[in-house]
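Have a look at the structure below before the remarks.
The values are calculated or read from the model by the stated rules, or taken from the named source; none is laboratory data. All of these numbers come straight from a predicted model, not from anything done at the bench. Cβ sites come from the backbone with ideal geometry, for glycine too, and all protein chains shown count toward neighbours. To get the accessible areas, we keep the full protein, side chains included, count just its heavy atoms, and leave off ligands, DNA and RNA. Shrake-Rupley method; radii C 1.70, N 1.55, O 1.52, S 1.80 Å.
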Amino acid sequence: MALCTGVEEVQSVLPNVINVFPNPVTDYLIVYNTVTTNPLTLKIFDATGRQIVNRTISSTKEYIDFTKTAKGIYFVEIMNEETRIYKTNIVKQ
């Protein structure tokens, strides 16, 4: 039996500006925004494509509660107006 400990596909239009961690996540996912001051939109989807989070990020550090989220793979997308500036996959353990 194999154990998945993380998914490392990250695509970013603004390298080193957005950081999403830890991966894998067990309780809270942290979204760290180092430069962008404009509000961003955070969307998280489960493996079936169902959107589970749609939230505006307006501070440099945001905590996303994953304590009641089922184990599995999730897709994180961060947008600045209509442009996707960050995309990654995370694992909930």
Return the distance in nm (one decimal) between the two label points of a simple spin-label model at E82 and I30, each offset 7 Å from Cα along Cα→Cβ. 3.5
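Between K68 and A47, what length comes free when the chain is fully extended (0.36 nm per residue of separation minus the Cα-Cα distance, one decimal in nm)?
That works out to 6.0 nm of additional length.
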Accessible area, probe 1.4 Å, largest first, for residues F75, F45: F75, F45
What accessible surface, in Å², does a 1.4 Å probe find on T56, ignoring ligands, DNA and RNA and rounding to the nearest 10? 90
Enumerate the amide H contacts of I85 below 5 Å, restricted to partners 5 or more residues apart or on another chain; note that Pro and chain-start residues carry no placed amide H. I78, M79, N80
Ignoring ligands, DNA and RNA, what percent of the 1.4 Å accessible area of the range 26-73 is carbon and sulfur? 49
Taking a probe of 1.4 angstrom, what is the accessible area of T83 in Å², to the nearest 10? 80
Which distance in nm do the two modelled labels at T37 and T56 give, with both placed 7 Å along the Cα-to-Cβ direction? 1.7
